[in-house]
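To start, the structure under review is shown below, and the notes come after it.
The values are calculated or read from the model by the stated rules, or taken from the named source; none is laboratory data. The structure displayed is predicted, hence computed values, not measured ones. Positions of Cβ are generated from backbone atoms using ideal geometry, with glycine treated the same way; all protein chains shown enter the neighbour counts. Ligands, DNA and RNA are excluded from the accessible area calculation, which covers all protein heavy atoms including side chains. Shrake-Rupley method; radii C 1.70, N 1.55, O 1.52, S 1.80 Å.
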Amino acid sequence: MRHTLTLYRRLLGVQIRSQLQYRVAFFMDLLATGLTVCLEFASLALVLQRFQHIRGWTMGEVAFLYGMVEIAFGIMDLVFSGFDPGRFGQEVRRGTFDQILLRPVNITVQVLTLDFALRRLAKITVGIGIFIVGLQGTMITWTPAKLLYLPFVLGSMVCFFGGLFVVGATITFWTVESIEVMNILTYGGSFTISYPMSIYPDWLRRFFTYIVPAIFLNYYPALYILDKPDPFNFPPIAPFLAPLVGLITLALSLAFWRFGITHYQSTGT
Amino acid sequence: MIQVHNLHKHFKVTRHHQGRLAGVRNLLTREYRLVKAVDNVSFTIQTGELVGYLGPNGAGKSTTIKMLTGLLVPTGGDLVVNGRIPHQSRQQYVANIGVVFGQRTTLWWDLPVIESLELLQHVYRVPADRFRQNLSEFTDLLDLKPFLHTPVRSLSLGQRMRADLCAALLHDPALLFLDEPTIGLDVVAKERIRQFIQHVNRERGTTIILTTHDLQDVEKLCERVMIIDHGRLLFDGQLNDLRERFDGRRELLVDMAEAYEDVSVEGAQVVARDGWQVTYQFSRSSVTASELISRISQRYRIRDLAVREPDIEATIRRIYEERLLET
Ligand SMILES: Nc1ncnc2c1ncn2[C@@H]1O[C@H](COP(=O)(O)OP(=O)(O)O)[C@@H](O)[C@H]1O
Ligand SMILES: [Mg+2]
């Protein structure tokens with residue numbers, strides 16, 4: 001176990017050093033990512049200023065919600081870079097996964113360190129900015145419980161979206177064609193929960209409640225922290241289901257991952 | 001060290017639809033074609049052997065190596081290497097083998113060679129002094145020094161292969177798998193790598209399996225060869241036996257001192273005549289070269305002669321083409 005952790009650090013070190021070798025490309029990437037996120041939010045802010053609020057959510061409250069997802073997804077994208085399905089699929093076809101199997105080190109740790117997309121730091125930073133703007137636009141009455149719960153909410157989202165990445169990566173063992181479906185779920189899911197769930201049509205909200213229970217990751221914890229009433233009348237436990245949803249998703253996806261590995265058919269010469 | 005019994009590997013290959021709505025039809029209906037990449041192969045390899053695994057492209061060499069190294073799970077048959085079943089106890093198993101795929105690298109693309117090697121030291125938990133010994137030995141033998149500090153992405157193919165060989169052996173594996181280690185290299189680079197392989201086998205006692213379609217690799221390195229084609233093992237034995245069984249055709253070139261109408265001789269065929277020069281073909285099993293020479297010199301006056309050994313390449317080409325080994 002200690003050996004595995006040390007190796008994780010060393011392998012990450014390799015990734016970081018490799019990226020910093022291409023300094024210009026790295027900073028351009030960083031800049032581009034940061035700008036994209038800023039633009040996305042600016043367009044949202046413009047719309048919100050027109051309307052002041054949507055479905056009872058003020059500009060500040062939406063920023064709070066949006067910022068949380070941005071931060072969590074950014075961290076996930078950083079930590080789970082190696083599992084990014086598109087990228088991982090390429091590595092499989094290139095034979096990298098063979099090399100991973102040939103080393104006496106935990107497979108998952110090696111895949112995690114296939115990449116460490118530092119440019120996501122821009123996304124995280126902008127996310128923090130938006131989150132702070134949100135905090136200033138809302139009158140949250142902070143309690144110790146709320147403060148304590150916040151990191152768990154972020155962690156749950158990291159686990160949840162990380163799990164989706166792992167599922168997508170596993171699918172590439174069989175096919176790279178269906179990968180788009182998974183990406184729609186991952187990126188579409190994170191986009192959807194960046195906004196209050198009450199703005200969506202019923203069928204979409206039900207999908208993200210009963211089939212992919214993403215509503216508990218962000219929306220319900222936000223209701224709790226912002227002291228907003230629940231329009232859907234769920235039991236009062238609902239805001240605290242986030243860690244459960246996150247951990248179960250990650251656990252199931254890792255089980256699927258292990259299953260996928262046993263079905264891996266090394267290709268190429 | 002290696003026991004393989006009735007080994008099979010079949011691949012289901014999807015047949016893709018063509019034309020209109022191909023994507024949708026691919027999703028809905030799938031048709032499969034079965035590829036028997038390895039078909040009922042059995043062999044045993046003892047500790048310390050250096051075995052050549054020979055076959056044309058697509059014969060099933062890499063697939064066999066991938067099963068032996070635990071990358072692929074066999075469709076059928078038994079496989080025990082080093083007392084373990086490769087795909088079942090992966091981490092313990094791979095800690096004691098070395099593997100080089102000629103067309104890939106195990107090194108980190110953007111790192112200088114030396115840093116990749118140091119990282120592998122930690123991956124395999126090689127004690128520091130053992131690592132230093134091995135590194136200096138391999139650096140000398142493979143002449144790594146000029147590019148130890150060059151990133152792997154800037155190495156030539158030959159340099160990269162040398163670095164990969166070093167990387168595969170730093171942890172003193174008992175068993176080394178080399179899949180086409182000389183592919184794409186020039187003559188000099190090939191020769192250097194052959195010498196190194198021979199050294200590792202002789203001096204370190206490492207058991208080596210070497211796949212190749214370059215017959216010179218086999219001729220220079222291996223006493224034992226296995227030939228595979230279409231997934232089936234066609235031959236497993238000494239290189240000399242292979243020669244004796246299949247290359248009856250040595251040639252004797254004779255320069256006659258006079259013009260003869262009839263140059264025939266018992267035990268050999270005349271296959272070419274060019275002025276006073278005659279080419280005989282004879283088989284090892286029917287007559288020796290010295291016997292044939294004495295028969296000819298009793299009948300004719302000879303000015304000069306030469307014996308031409310058939311090369312293994314021609315022999316194996318004959319085996320493939322004439323399907324000599326198929327049952
Ligand atoms: N992962 C795979 N999926 C489907 N077919 C494969 C796969 N790997 C190899 N094959 C097929 O199996 C046969 C043997 O391939 P291989 O073992 O790579 O041959 P060699 O290494 O002797 O050139 C070929 O017909 C090849 O197309
Ligand atoms: Mg091959």
On the protein heavy atoms, probe 1.4 angstrom, tell me the percent of accessible surface of segment A:2-262 carried by carbon and sulfur. 70
In whole Hz, the Karplus estimates of ³J(HN,Hα) for segment A:42-53 (6.51, -1.76, 1.60; θ = phi - 60°; x where Gly or Pro) are 4, 5, 4, 4, 4, 4, 5, 5, 4, 9, 6, 7
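Given a Förster radius of 41 Å and the C-beta distance between A:Ile237 and B:Lys12 as r, what FRET efficiency does 1/(1 + (r/R0)^6) yield to the nearest 0.05? Don't jump to the answer; show the numbers that get you there.
Numbers: r = 47 Å, r/R0 = 1.15.
E(calc), rounded to 0.05, equals 0.30.
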Would you list, by chain and number, the lysines whose Cα falls below 27 Å from the Cα of B:Lys36, excluding same-chain residues fewer than 8 positions away? B:Lys9, B:Lys12, B:Lys61, B:Lys66
Could you work out the mean count of beta carbons from other protein chains within 10 Å of each residue's beta carbon in B:105-111? 4
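Accessible area per residue of chain A at 1.4 Å probe, in Å²? Intermediate values should be presented prior to the final figure.
Working: 12650 Å² over 269 residues.
In whole numbers, chain A has 47 Å² accessible per residue.
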As an exercise, identify the GluC sites (Glu not before Pro) in segment B:217-306 lying in DSSP coil whose Cβ has no more than 14 other Cβ atoms within 10 Å. B:Glu223, B:Glu258, B:Glu261, B:Glu266
Measuring with a 1.4 Å probe in the full set of protein chains, what accessible area per residue, in whole Å², belongs to segment B:41-124? 33
Under a crude label model (7 Å from the Cα following the beta-carbon direction), how far is A:His53 from A:Ile248 in nanometres? 3.2
Taking placed amide H atoms and a strict 5 Å upper bound, the residues 5 or more places from A:Asp115 or on another chain that come that close are A:Gly82
20 Å Cα-Cα reach of A:Lys123 towards aspartates and glutamates, excluding residues that sit fewer than 8 places from it in its own chain: A:Asp29, A:Glu40, A:Glu61, A:Glu70, A:Asp77, A:Asp84, A:Asp115
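Grab the DSSP H runs of the protein assembly as shown that are 4 residues or longer, score each as -39,500 (n - 2.57), total them, divide by all residues and round the 222 nm result to the nearest 500 deg cm²/dmol. Intermediate values should be presented prior to the final figure.
Details: 23 runs with 300 residues, N = 596.
The helix-only estimate for the protein assembly as shown comes to -16000 deg cm²/dmol at 222 nm.
What number comes out for the charge environment of B:Gly60, summing +1 per Lys or Arg and -1 per Asp or Glu over other residues with Cβ under 13 Å away? List each step's numbers first, then the result.
Values: positive: B:Lys9, B:Lys36, B:Lys61, B:Lys66, B:Arg232; negative: B:Asp39, B:Asp179, B:Asp229.
Computed value for this residue: +2.
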Subtract the Cα-Cα distance of A:Leu150 and A:Ala32 from 0.36 nm times their separation in residues, and report this length gain in nm to one decimal. 39.6 nm
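Once you order the gyration tensor axes a ≥ b ≥ c over the Cα atoms, which shape class does chain A get: rounded for a/c under 1.5, otherwise prolate or oblate by comparing a/b with b/c?
Values: a/c = 1.96, a/b = 1.60, b/c = 1.22.
Prolate shape, in that a/c is at least 1.5 and a/b is the bigger ratio.
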For peptide A:7-18, what's the mean number of Cβ atoms from other chains within 10 Å of each residue's Cβ? 3
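Provide a whole-number value for the mean count of partner chain Cβ atoms within 10 Å of the Cβ atoms in peptide A:100-110. Spell out each step's value before the answer.
Details: counts 2, 10, 14, 9, 12, 6, 1, 2, 0, 0, 1.
That works out to 5 on average.
Quick check: residue separation of B:Asp78 and B:Ser154 times 0.36 nm, minus the Cα distance between them. What number comes out in nm?
Numbers: separation 76, 0.36 × 76 = 27.36 nm, distance 4.18 nm.
So the chain would gain 23.2 nm between B:Asp78 and B:Ser154.
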Treating the angle as unsigned and between 0 and 90°, give the value, to the nearest 10°, between the Cα long axis of helix A:179-192 and the longest Cα principal axis of chain A. 30
Sparse-neighbourhood loop sites, chymotrypsin sites (Phe, Trp or Tyr not before Pro) in segment A:127-204 - DSSP loop, at most 11 other Cβ within 10 angstrom: A:Trp142
From the residues B:Ala268, B:Val278, B:Gln298, which one has its Cα farthest along the dipole of segment B:248-309 in the positive direction, the dipole being from +1 and -1 charges on Cβ of Lys/Arg and Asp/Glu about the Cα centre? B:Ala268
Additional length obtainable on full extension of the chain from B:Thr47 to B:Asp143, 0.36 nm per residue less Cα span: 31.8 nm
Could you pull the Rg and Dmax for the protein assembly as shown, using just the Cα atoms, both in Å? 32.9, 118
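Rounded to the nearest 100 Å², what is the sum over both chains of accessible area buried where A meets B, with a probe of 1.4 Å? Mind showing how you got there, number by number?
Numbers: alone 14120 and 17280 Å², together 28530 Å².
Summing both sides, the interface buries roughly 2900 Å².
Going by the alpha-carbon gyration tensor, a ≥ b ≥ c the square roots of its eigenvalues, is segment B:1-130 rounded (a/c under 1.5) or, if a/c is not under 1.5, prolate (a/b greater than b/c) versus oblate? Walk me through the intermediate numbers first.
Numbers: a/c = 2.44, a/b = 1.44, b/c = 1.69.
Because a/c hits 1.5 or more and a/b fails to exceed b/c, segment B:1-130 counts as oblate.
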